[in-house]
Amino acid sequence: MNGAGLYIHIPFCVRKCGYCDFNSHASTGELHEAYQEALLEDLRRVREQHGPVAIDTVFIGGGTPSLFPPAWIGAILERVARDFRLEAREITMEANPGTVERHDFAGYRHAGVTRVSMGAQSFDAAELAFLERIHSPAEIVEAFRAVRAAGFDNINLDLIFALPGQTPGTWERSLAQAVALEPEHLSAYNLTFEPGTEFTRRRARGELAEMPEDLQASFLTATAARLDAAGYARYEISNFARPDRACAHNLRYWRRLPVLAAGAGAFGFDGRRRWSNVRSPQEYIRRARAGDPLEAFSEIPSAAEAMTEAVLCRLRLDEGLDADAFHAEFGSPPADAFPLTLRQSLDAALLTARGPRLTLTDAGILVSDSLFARAASEIDARFGKREVASGPNPA
Ligand code: SF4
(Lines give C-alpha, C1' and ligand atoms only; values in the text may rest on other atoms or scores of the structure.)
Protein backbone atom coordinates (compact mmCIF):
# COMPACT_ATOMS: atom_id res chain seq x y z
CA MET A 1 0.00 0.00 0.00
CA ASN A 2 1.60 3.26 -1.11
CA GLY A 3 -0.58 5.52 0.97
CA ALA A 4 -3.82 5.57 2.90
CA GLY A 5 -6.25 7.66 4.84
CA LEU A 6 -6.90 6.84 8.48
CA TYR A 7 -10.34 6.89 10.11
CA ILE A 8 -10.54 6.97 13.91
CA HIS A 9 -13.93 6.43 15.55
CA ILE A 10 -15.02 7.83 18.92
CA PRO A 11 -18.49 6.39 19.56
CA PHE A 12 -19.80 8.54 22.41
CA CYS A 13 -22.45 11.26 22.39
CA VAL A 14 -24.21 13.27 25.07
CA ARG A 15 -27.50 11.84 23.83
CA LYS A 16 -28.57 9.54 21.00
CA CYS A 17 -30.48 11.44 18.29
CA GLY A 18 -33.62 9.68 17.08
CA TYR A 19 -32.59 9.51 13.42
CA CYS A 20 -28.99 8.38 14.01
CA ASP A 21 -27.79 4.97 12.85
CA PHE A 22 -24.09 5.65 13.42
CA ASN A 23 -22.23 3.57 15.97
CA SER A 24 -22.81 6.15 18.71
CA HIS A 25 -23.85 5.65 22.31
CA ALA A 26 -25.16 8.05 24.94
CA SER A 27 -22.41 8.34 27.50
CA THR A 28 -21.58 10.21 30.66
CA GLY A 29 -17.89 9.52 30.33
CA GLU A 30 -17.34 6.38 32.39
CA LEU A 31 -15.83 4.45 29.44
CA HIS A 32 -13.88 7.28 27.84
CA GLU A 33 -10.49 6.71 29.42
CA ALA A 34 -10.55 2.96 28.84
CA TYR A 35 -11.67 3.56 25.26
CA GLN A 36 -8.79 5.95 24.68
CA GLU A 37 -6.35 3.25 25.84
CA ALA A 38 -8.04 0.70 23.57
CA LEU A 39 -7.72 3.09 20.61
CA LEU A 40 -3.98 3.44 21.19
CA GLU A 41 -3.68 -0.35 21.32
CA ASP A 42 -5.76 -0.59 18.11
CA LEU A 43 -3.44 1.87 16.35
CA ARG A 44 -0.44 -0.21 17.44
CA ARG A 45 -2.06 -3.27 15.84
CA VAL A 46 -2.93 -1.38 12.64
CA ARG A 47 0.72 -0.43 12.35
CA GLU A 48 1.78 -4.03 13.05
CA GLN A 49 -0.56 -5.33 10.33
CA HIS A 50 -0.02 -2.71 7.63
CA GLY A 51 3.44 -1.31 8.38
CA PRO A 52 4.50 2.35 8.46
CA VAL A 53 2.06 3.40 5.73
CA ALA A 54 2.11 7.02 4.53
CA ILE A 55 -1.07 8.55 5.95
CA ASP A 56 -2.26 11.52 3.93
CA THR A 57 -5.64 12.18 5.55
CA VAL A 58 -6.93 11.57 9.07
CA PHE A 59 -10.60 11.80 10.03
CA ILE A 60 -11.60 11.58 13.70
CA GLY A 61 -15.33 10.91 13.55
CA GLY A 62 -18.11 9.72 15.77
CA GLY A 63 -20.11 9.97 17.79
CA THR A 64 -18.84 13.23 19.16
CA PRO A 65 -15.03 13.32 19.23
CA SER A 66 -15.12 16.79 20.81
CA LEU A 67 -16.17 15.01 24.04
CA PHE A 68 -12.50 13.98 24.28
CA PRO A 69 -10.18 16.71 25.60
CA PRO A 70 -7.44 18.15 23.36
CA ALA A 71 -4.73 16.26 25.27
CA TRP A 72 -6.34 12.92 24.35
CA ILE A 73 -6.77 13.89 20.70
CA GLY A 74 -3.13 15.01 20.81
CA ALA A 75 -2.05 11.64 22.22
CA ILE A 76 -3.90 9.82 19.43
CA LEU A 77 -2.27 11.97 16.74
CA GLU A 78 1.15 11.60 18.37
CA ARG A 79 0.74 7.83 18.20
CA VAL A 80 -0.22 8.10 14.52
CA ALA A 81 2.84 10.28 13.84
CA ARG A 82 5.08 7.85 15.73
CA ASP A 83 3.82 4.65 14.10
CA PHE A 84 3.09 5.82 10.55
CA ARG A 85 4.49 8.31 8.08
CA LEU A 86 2.02 11.09 8.84
CA GLU A 87 1.97 13.22 5.71
CA ALA A 88 -1.55 14.52 6.22
CA ARG A 89 -2.35 18.08 5.34
CA GLU A 90 -5.97 17.42 6.32
CA ILE A 91 -6.72 16.15 9.83
CA THR A 92 -10.45 16.49 10.45
CA MET A 93 -12.22 16.23 13.78
CA GLU A 94 -16.00 16.18 14.10
CA ALA A 95 -17.52 18.44 16.73
CA ASN A 96 -21.01 19.19 17.92
CA PRO A 97 -22.09 22.74 18.71
CA GLY A 98 -23.54 21.67 22.05
CA THR A 99 -20.22 20.36 23.35
CA VAL A 100 -17.52 22.68 22.03
CA GLU A 101 -17.83 25.15 24.89
CA ARG A 102 -16.39 22.46 27.14
CA HIS A 103 -13.09 22.44 25.32
CA ASP A 104 -10.48 24.75 24.05
CA PHE A 105 -10.36 24.67 20.25
CA ALA A 106 -6.93 26.23 20.21
CA GLY A 107 -5.96 23.06 22.08
CA TYR A 108 -7.30 20.82 19.30
CA ARG A 109 -5.44 22.92 16.75
CA HIS A 110 -2.27 22.67 18.79
CA ALA A 111 -2.84 18.89 18.95
CA GLY A 112 -2.65 18.77 15.15
CA VAL A 113 -6.27 19.01 13.99
CA THR A 114 -6.45 21.13 10.81
CA ARG A 115 -10.14 20.88 9.91
CA VAL A 116 -13.32 20.89 11.99
CA SER A 117 -16.56 19.34 10.77
CA MET A 118 -19.49 20.62 12.78
CA GLY A 119 -22.89 18.93 12.97
CA ALA A 120 -25.07 22.05 12.70
CA GLN A 121 -27.99 20.27 10.91
CA SER A 122 -30.41 23.25 11.03
CA PHE A 123 -30.61 26.85 12.20
CA ASP A 124 -34.29 26.46 13.09
CA ALA A 125 -34.95 25.83 16.80
CA ALA A 126 -38.04 23.68 16.17
CA GLU A 127 -36.20 21.54 13.62
CA LEU A 128 -33.26 21.02 15.99
CA ALA A 129 -35.70 19.95 18.71
CA PHE A 130 -37.39 17.57 16.27
CA LEU A 131 -33.99 16.06 15.41
CA GLU A 132 -33.34 15.70 19.17
CA ARG A 133 -30.13 17.69 18.90
CA ILE A 134 -28.74 19.13 22.13
CA HIS A 135 -27.80 22.53 20.66
CA SER A 136 -29.64 25.73 19.76
CA PRO A 137 -29.16 27.87 16.62
CA ALA A 138 -27.29 30.46 18.72
CA GLU A 139 -24.88 27.77 19.93
CA ILE A 140 -23.98 26.89 16.32
CA VAL A 141 -22.95 30.49 15.68
CA GLU A 142 -21.08 30.67 18.99
CA ALA A 143 -19.28 27.38 18.36
CA PHE A 144 -18.43 28.29 14.77
CA ARG A 145 -16.91 31.59 15.89
CA ALA A 146 -14.93 29.83 18.62
CA VAL A 147 -13.49 27.40 16.07
CA ARG A 148 -12.65 30.23 13.67
CA ALA A 149 -11.11 32.31 16.48
CA ALA A 150 -8.88 29.35 17.32
CA GLY A 151 -7.31 29.77 13.88
CA PHE A 152 -9.04 27.06 11.82
CA ASP A 153 -9.27 28.03 8.16
CA ASN A 154 -11.05 24.86 7.07
CA ILE A 155 -14.49 24.29 8.61
CA ASN A 156 -17.40 22.18 7.42
CA LEU A 157 -21.03 22.55 8.46
CA ASP A 158 -23.35 19.54 8.12
CA LEU A 159 -26.99 20.30 7.37
CA ILE A 160 -30.05 18.03 7.05
CA PHE A 161 -33.09 18.69 4.89
CA ALA A 162 -36.32 16.86 4.02
CA LEU A 163 -37.58 16.86 7.59
CA PRO A 164 -41.27 15.98 7.88
CA GLY A 165 -43.24 19.19 7.45
CA GLN A 166 -40.16 21.31 6.65
CA THR A 167 -40.95 24.23 4.37
CA PRO A 168 -38.75 25.71 1.64
CA GLY A 169 -38.71 28.87 3.78
CA THR A 170 -37.14 27.33 6.89
CA TRP A 171 -34.61 25.43 4.78
CA GLU A 172 -33.68 28.56 2.84
CA ARG A 173 -33.17 30.42 6.14
CA SER A 174 -30.91 27.64 7.44
CA LEU A 175 -28.88 27.70 4.24
CA ALA A 176 -28.61 31.49 4.37
CA GLN A 177 -27.38 31.44 7.97
CA ALA A 178 -24.89 28.69 7.20
CA VAL A 179 -23.54 30.63 4.20
CA ALA A 180 -23.36 33.83 6.27
CA LEU A 181 -20.82 32.13 8.56
CA GLU A 182 -18.60 31.53 5.51
CA PRO A 183 -17.53 27.93 6.14
CA GLU A 184 -15.15 26.46 3.59
CA HIS A 185 -17.35 23.39 3.11
CA LEU A 186 -21.02 22.46 3.44
CA SER A 187 -22.68 19.03 3.42
CA ALA A 188 -26.44 18.82 2.88
CA TYR A 189 -28.02 15.39 3.27
CA ASN A 190 -31.69 14.49 3.22
CA LEU A 191 -33.13 12.86 6.34
CA THR A 192 -33.22 9.10 5.89
CA PHE A 193 -35.07 6.54 7.95
CA GLU A 194 -32.53 3.83 8.68
CA PRO A 195 -33.44 0.41 10.09
CA GLY A 196 -33.32 0.22 13.88
CA THR A 197 -33.56 3.95 14.60
CA GLU A 198 -36.17 5.55 16.83
CA PHE A 199 -37.41 7.64 13.89
CA THR A 200 -38.04 4.50 11.84
CA ARG A 201 -40.04 3.01 14.73
CA ARG A 202 -42.02 6.25 14.98
CA ARG A 203 -42.68 6.20 11.25
CA ALA A 204 -43.95 2.61 11.52
CA ARG A 205 -46.35 3.78 14.25
CA GLY A 206 -47.61 6.52 11.93
CA GLU A 207 -46.11 9.32 14.05
CA LEU A 208 -43.74 10.56 11.32
CA ALA A 209 -44.14 10.79 7.57
CA GLU A 210 -41.28 10.94 5.09
CA MET A 211 -41.18 13.96 2.80
CA PRO A 212 -42.39 12.94 -0.69
CA GLU A 213 -39.53 12.20 -3.10
CA ASP A 214 -40.42 14.92 -5.61
CA LEU A 215 -40.40 17.51 -2.82
CA GLN A 216 -37.02 16.22 -1.58
CA ALA A 217 -35.71 16.60 -5.13
CA SER A 218 -36.87 20.22 -5.27
CA PHE A 219 -35.09 20.95 -1.95
CA LEU A 220 -31.88 19.41 -3.32
CA THR A 221 -32.10 21.43 -6.54
CA ALA A 222 -32.71 24.64 -4.60
CA THR A 223 -29.77 23.82 -2.31
CA ALA A 224 -27.36 23.37 -5.20
CA ALA A 225 -28.50 26.63 -6.82
CA ARG A 226 -28.25 28.57 -3.55
CA LEU A 227 -24.78 27.26 -2.74
CA ASP A 228 -23.54 27.70 -6.30
CA ALA A 229 -24.60 31.36 -6.13
CA ALA A 230 -22.63 31.67 -2.88
CA GLY A 231 -19.45 30.31 -4.49
CA TYR A 232 -19.57 26.68 -3.35
CA ALA A 233 -18.84 24.12 -6.06
CA ARG A 234 -20.77 20.88 -5.88
CA TYR A 235 -18.08 18.20 -6.06
CA GLU A 236 -20.29 15.36 -4.81
CA ILE A 237 -24.06 14.95 -4.83
CA SER A 238 -24.42 16.24 -1.24
CA ASN A 239 -21.12 18.09 -0.74
CA PHE A 240 -20.13 21.63 -1.65
CA ALA A 241 -16.81 23.40 -1.20
CA ARG A 242 -14.83 26.55 -1.83
CA PRO A 243 -11.89 26.06 -4.24
CA ASP A 244 -9.38 23.48 -2.91
CA ARG A 245 -11.55 22.73 0.13
CA ALA A 246 -13.19 19.47 -0.93
CA CYS A 247 -12.78 16.91 1.86
CA ALA A 248 -9.67 14.95 0.85
CA HIS A 249 -10.51 12.13 3.27
CA ASN A 250 -14.03 11.57 1.99
CA LEU A 251 -12.74 11.74 -1.59
CA ARG A 252 -10.72 8.63 -0.72
CA TYR A 253 -13.97 6.71 -0.07
CA TRP A 254 -15.64 7.90 -3.26
CA ARG A 255 -12.51 7.12 -5.28
CA ARG A 256 -12.22 3.72 -3.53
CA LEU A 257 -8.73 4.40 -2.24
CA PRO A 258 -7.36 2.74 0.90
CA VAL A 259 -8.48 3.96 4.31
CA LEU A 260 -7.17 2.27 7.46
CA ALA A 261 -9.40 2.32 10.51
CA ALA A 262 -9.25 2.30 14.30
CA GLY A 263 -12.09 2.35 16.80
CA ALA A 264 -15.27 0.46 17.62
CA GLY A 265 -17.23 -0.33 14.46
CA ALA A 266 -14.69 1.49 12.25
CA PHE A 267 -14.56 0.34 8.60
CA GLY A 268 -11.27 -0.08 6.74
CA PHE A 269 -10.42 -0.80 3.09
CA ASP A 270 -6.97 -1.60 1.74
CA GLY A 271 -7.87 -1.40 -1.94
CA ARG A 272 -8.97 -5.04 -2.04
CA ARG A 273 -10.21 -6.25 1.36
CA ARG A 274 -12.65 -4.39 3.59
CA TRP A 275 -13.24 -5.02 7.26
CA SER A 276 -14.79 -3.53 10.37
CA ASN A 277 -14.17 -3.72 14.09
CA VAL A 278 -16.60 -4.94 16.71
CA ARG A 279 -19.25 -2.24 17.29
CA SER A 280 -19.81 -2.38 21.04
CA PRO A 281 -17.42 -0.03 22.88
CA GLN A 282 -17.40 -2.36 25.91
CA GLU A 283 -16.49 -5.39 23.80
CA TYR A 284 -13.91 -3.35 21.86
CA ILE A 285 -12.24 -2.35 25.13
CA ARG A 286 -12.38 -5.92 26.44
CA ARG A 287 -10.80 -7.34 23.29
CA ALA A 288 -8.09 -4.68 23.19
CA ARG A 289 -7.16 -5.45 26.81
CA ALA A 290 -7.28 -9.22 26.34
CA GLY A 291 -5.25 -9.22 23.13
CA ASP A 292 -8.23 -10.64 21.20
CA PRO A 293 -8.88 -9.68 17.55
CA LEU A 294 -10.79 -6.41 17.15
CA GLU A 295 -12.13 -7.22 13.68
CA ALA A 296 -15.68 -8.54 13.55
CA PHE A 297 -16.15 -8.56 9.77
CA SER A 298 -13.85 -9.02 6.80
CA GLU A 299 -14.45 -9.71 3.12
CA ILE A 300 -12.99 -9.35 -0.33
CA PRO A 301 -15.76 -8.01 -2.54
CA SER A 302 -16.61 -10.07 -5.62
CA ALA A 303 -15.82 -8.63 -9.05
CA ALA A 304 -19.46 -7.58 -9.47
CA GLU A 305 -19.52 -5.92 -6.05
CA ALA A 306 -16.26 -4.06 -6.69
CA MET A 307 -17.50 -2.87 -10.10
CA THR A 308 -20.81 -1.76 -8.63
CA GLU A 309 -19.07 0.13 -5.84
CA ALA A 310 -16.83 1.85 -8.37
CA VAL A 311 -19.81 2.96 -10.45
CA LEU A 312 -21.87 4.12 -7.47
CA CYS A 313 -19.03 5.92 -5.70
CA ARG A 314 -17.41 7.60 -8.68
CA LEU A 315 -20.63 8.72 -10.34
CA ARG A 316 -21.48 10.58 -7.12
CA LEU A 317 -18.52 12.84 -7.86
CA ASP A 318 -18.45 15.80 -10.19
CA GLU A 319 -15.23 14.34 -11.66
CA GLY A 320 -17.30 11.28 -12.63
CA LEU A 321 -16.36 7.77 -13.70
CA ASP A 322 -13.30 7.48 -15.95
CA ALA A 323 -14.26 4.77 -18.45
CA ASP A 324 -10.61 4.05 -19.37
CA ALA A 325 -9.56 3.66 -15.73
CA PHE A 326 -12.61 1.46 -15.08
CA HIS A 327 -11.68 -0.73 -18.06
CA ALA A 328 -8.08 -1.01 -16.84
CA GLU A 329 -9.18 -1.92 -13.31
CA PHE A 330 -11.92 -4.44 -14.14
CA GLY A 331 -11.09 -5.69 -17.63
CA SER A 332 -14.42 -4.45 -19.03
CA PRO A 333 -15.49 -0.93 -20.00
CA PRO A 334 -18.70 0.56 -18.58
CA ALA A 335 -20.30 -0.10 -21.98
CA ASP A 336 -19.91 -3.84 -21.28
CA ALA A 337 -20.60 -3.67 -17.55
CA PHE A 338 -23.99 -1.92 -17.64
CA PRO A 339 -24.74 -1.32 -21.35
CA LEU A 340 -28.50 -0.83 -21.15
CA THR A 341 -28.47 1.60 -18.22
CA LEU A 342 -25.58 3.47 -19.78
CA ARG A 343 -27.23 3.85 -23.19
CA GLN A 344 -30.63 4.80 -21.78
CA SER A 345 -29.08 7.28 -19.34
CA LEU A 346 -27.02 8.95 -22.07
CA ASP A 347 -30.07 9.11 -24.37
CA ALA A 348 -32.18 10.63 -21.59
CA ALA A 349 -29.42 13.14 -20.69
CA LEU A 350 -29.13 11.69 -17.18
CA LEU A 351 -25.47 10.96 -17.87
CA THR A 352 -23.08 12.88 -20.04
CA ALA A 353 -19.75 11.78 -21.55
CA ARG A 354 -16.85 14.25 -21.43
CA GLY A 355 -14.07 12.36 -23.19
CA PRO A 356 -13.71 9.11 -21.23
CA ARG A 357 -15.48 10.60 -18.20
CA LEU A 358 -19.10 9.79 -17.47
CA THR A 359 -20.83 12.24 -15.15
CA LEU A 360 -24.34 12.65 -13.82
CA THR A 361 -26.25 15.64 -15.15
CA ASP A 362 -28.43 17.72 -12.82
CA ALA A 363 -31.41 15.65 -13.97
CA GLY A 364 -29.40 12.46 -13.37
CA ILE A 365 -28.57 13.50 -9.80
CA LEU A 366 -32.28 13.68 -9.00
CA VAL A 367 -32.84 10.07 -10.11
CA SER A 368 -29.41 8.77 -9.14
CA ASP A 369 -30.75 6.16 -6.69
CA SER A 370 -32.78 4.39 -9.37
CA LEU A 371 -30.03 4.81 -11.98
CA PHE A 372 -27.51 3.23 -9.56
CA ALA A 373 -29.92 0.39 -8.76
CA ARG A 374 -30.38 -0.42 -12.45
CA ALA A 375 -26.62 -0.31 -13.10
CA ALA A 376 -26.00 -2.55 -10.07
CA SER A 377 -28.54 -5.13 -11.18
CA GLU A 378 -27.11 -5.21 -14.72
CA ILE A 379 -23.56 -5.64 -13.40
CA ASP A 380 -24.72 -8.40 -11.07
CA ALA A 381 -26.51 -10.21 -13.90
CA ARG A 382 -23.43 -10.06 -16.14
CA PHE A 383 -20.57 -10.51 -13.67
CA GLY A 384 -22.14 -11.78 -10.45
CA LYS A 385 -20.97 -15.36 -10.89
CA ARG A 386 -17.36 -14.60 -11.82
CA GLU A 387 -14.42 -14.94 -9.47
CA VAL A 388 -12.82 -11.80 -8.06
CA ALA A 389 -11.12 -9.97 -10.93
CA SER A 390 -10.06 -6.72 -9.28
CA GLY A 391 -6.45 -6.70 -8.17
CA PRO A 392 -4.88 -4.65 -5.42
CA ASN A 393 -5.51 -0.96 -5.88
CA PRO A 394 -2.35 0.74 -7.17
CA ALA A 395 -2.80 3.51 -4.59
S1 SF4 B 1 -24.71 13.74 17.69
FE2 SF4 B 1 -24.38 12.77 15.67
S3 SF4 B 1 -23.39 10.79 16.11
FE4 SF4 B 1 -24.28 11.56 18.05
S5 SF4 B 1 -26.28 10.59 18.16
FE6 SF4 B 1 -26.59 12.60 17.20
S7 SF4 B 1 -26.44 12.21 14.97
FE8 SF4 B 1 -25.59 10.41 16.02
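Note on the chain: Cα Rg divided by 2.2 N^0.38 Å, N the number of residues, gives 0.99.
Here the relative contact order of the chain, from alpha carbon pairs under 8 Å that lie six or more residues apart, stands at 16 percent. Here, the stretch 120-207 has an Rg and a Dmax of 14.3, 47 Å when only alpha carbons are counted. Extending 7 Å from the Cα toward the beta-carbon at both Ser298 and Asp336 defines two label points whose distance is 3.2 nm.
Counting other Cβ atoms within 10 Å, which GluC sites (Glu not before Pro) in the stretch 178-266 have at most 10 and lie in a DSSP loop? Numbers along the way, then the final one.
Numbers: sites: Glu184, Glu198, Glu207, Glu210, Glu213, Glu236; in loops: Glu184, Glu207, Glu210.
Answer by residue number: Glu207.
The length gained by stretching the chain between Thr28 and Val367 to full extension, at 0.36 nm per residue less their Cα-Cα distance, is 117.8 nm. Taking Cβ atoms as reference points and 9 Å as the exclusive limit, the residues near Cys20 contribute a net charge of -3, counting Lys and Arg as +1 and Asp and Glu as -1.
With a 1.4 Å probe and every protein chain left in place, work out the accessible area per residue of the chain in Å², rounded to a whole number.
Values: 16800 Å² over 395 residues.
With the other protein chains kept in place, the chain gives 43 Å² per residue.
Segment Ala348..Arg15, full-extension length gain: 115.3 nm, with 0.36 nm per residue of separation and the alpha-carbon distance subtracted. Each Cα pair under 8 Å and six or more residues apart adds its sequence gap; the mean of these over the residue count of the stretch 303-383 is a relative contact order of 35 percent.
For the chain, modelled as a GNM whose springs connect Cα atoms under 10 angstrom apart, the maximal fluctuation among Thr167, Thr359, Thr92 occurs at Thr167.
Work out, step by step, the length gained on full extension between Glu213 and Ala225: first 0.36 nm times the residue separation, then minus their alpha carbon distance; give nm to one decimal. Show your work: numbers first, answer last.
Working: separation 12, 0.36 × 12 = 4.32 nm, distance 1.85 nm.
So the chain would gain 2.5 nm between Glu213 and Ala225.
State the percentage of accessible surface on the stretch 4-253 attributable to carbon and sulfur atoms; use a 1.4 Å probe and exclude ligands, DNA and RNA.
Using a 1.4 Å probe with all protein chains present, the stretch 4-253 comes out at 52 percent carbon and sulfur.
The Rg/Rh ratio of the stretch 303-383, with both radii computed over alpha carbons and Rh defined as the Kirkwood radius, is 0.91.
The values are calculated or read from the model by the stated rules, or taken from the named source; none is laboratory data. Model, not experiment: these values are computed from the prediction. Backbone-built Cβ (ideal geometry, glycine too); neighbour counts: all protein chains shown. Please note that ligands, DNA and RNA were not included when accessible areas were found on the heavy atoms of the full protein model with its side chains. Shrake-Rupley method; radii C 1.70, N 1.55, O 1.52, S 1.80 Å.
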